[in-house]
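Next up is a structure, given as structure tokens.
Each value in this text was obtained by applying a stated rule to the coordinates, not by laboratory testing. Owing to the predicted nature of the structure, the values given are computational and were not obtained by experimental measurement.
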Amino acid sequence: MDINQHAREIEVNGFTIVRNVLTTEQISVLKKGVEEAFNEPRGKYPPIFRGTMFERGETFEHLIDIEPIVSIAEAVLGPYCHVQRMDAIKTWKNTGVDKWHIDMMDDEVFFPLPEDVQLDEKIKMPCFYINSLYYLTDCPDLSYGPTQIIPGSQRYGYSPNRKDNLPNEILDKAVTFSGSAGDVIMFNPMTWHRGTRNESDTDRIVQGVTYAKHFMGQYFFPHNEYQIPQHILDRANPRRKRLFGFYKEPR
Ligand SMILES: O=C(O)CCC(=O)C(=O)O
């Protein structure tokens with residue numbers, strides 16, 4: 001599948017899957033870096049998350065402009081998109097971001113619609129963010145806590161109720177991303193999704209990179225005071241530097 005086909009899948013279905021993005025060597029370096037982050041105090045992060053992972057070495061930095069993921073993100077979000085956040089997720093037995101949700105605070109949808117109104121197919125739903133999740137461990141079946149997603153739900157115009165299970169007619173549409181280490185799922189965070197509960201004895205490790213349109217704020221803790229370390233910028237190629245937010249907008 002080429003870049004435009006992946007971009008089209010994100011537009012129509014709200015997600016796309018890209019296989020074999022990472023080499024065995026990259027997977028092993030990233031996994032080690034994520035484990036190191038989880039061995040440190042979590043600070044303000046929830047127990048299963050760690051942030052600003054590009055601070056953990058060049059293999060992490062490279063994820064910001066790795067092909068074909070970055071080109072797919074740019075095809076959807078435009079040539080001035082930037083990295084919005086870079087979080088890692090580790091879920092061990094009986095944990096997972098397992099409530100169906102969208103990724104906005106208070107589950108706020110960007111384009112709200114009454115539940116009984118269906119968007120005309122001719123109307124294109126805008127996409128402001130793309131989340132890309134790199135599997136660093138294999139998730140061969142549901143017991144390993146893979147991502148699940150409801151195709152097309154970025155167009156529903158309302159968010160799932162985190163307290164309830166999904167109605168069966170929606171749940172029946174769920175796609176389970178039973179991926180291998182090195183595979184990536186990219187999705188519009190308005191698409192209903194969840195990371196299922198890991199019921200296996202193997203920790204599940206995922207590295208995320210979220211891209212956003214240039215007018216959406218970057219989210220590196222501690223927010224306004226955060227500065228990207230100079231050595232990371234010094235060795236960044238022009239595209240990566242732009243993706244870190246260093247560019248002049250054309251006027
Ligand atoms: O772990 C996953 O597969 C999904 C994570 C997720 O839903 C989130 O971080 O919002």
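From the square roots a ≥ b ≥ c of the eigenvalues of the alpha-carbon gyration tensor of the range 178-236, which class results: rounded (a/c under 1.5), prolate (a/b over b/c), or oblate?
Judged from the Cα gyration tensor, the range 178-236 comes out prolate (a/c at least 1.5, a/b above b/c).
I want to verify a result. In a Gaussian network model of the chain, Cα cutoff 10 Å, which of these has the top mean-square fluctuation: Ile185, Ile232, Ile89?
Largest GNM mean-square fluctuation: Ile232.
For the chain, set up a GNM with springs between Cα atoms under 10 Å and report which of Glu199, Glu36, Glu58 has the largest fluctuation.
Among Glu199, Glu36, Glu58, the largest GNM mean-square fluctuation belongs to Glu36.
Now a separate question. Compute the distance from the alpha-carbon center of the range 182-200 to that of the range 115-159, in whole Å.
Distance between centres, Cα-based: 8 Å.
Given the chain reduced to its alpha-carbon atoms as identical point scatterers, what log10 I(q)/I(0) does the Debye formula return at q = 0.14 Å⁻¹?
For the chain, the Cα-only Debye profile gives -0.95.
Related question: Express in whole angstrom the spacing between the alpha-carbon centres of the range 214-233 and the range 88-114.
23
Also, quick follow-up: Which value at 222 nm does the chain reach when only helices count, each DSSP H run of 4 or more adding -39,500 (n - 2.57), with the total divided by all residues and rounded to the nearest 500 deg cm²/dmol?
For the chain, the value works out to -6000 deg cm²/dmol.
On to the next question. Among the lysines in the range 3-243, how many pairs, 8 or more places apart or on different chains, have alpha carbons under 20 Å apart?
Final tally of qualifying lysine pairs is 11.
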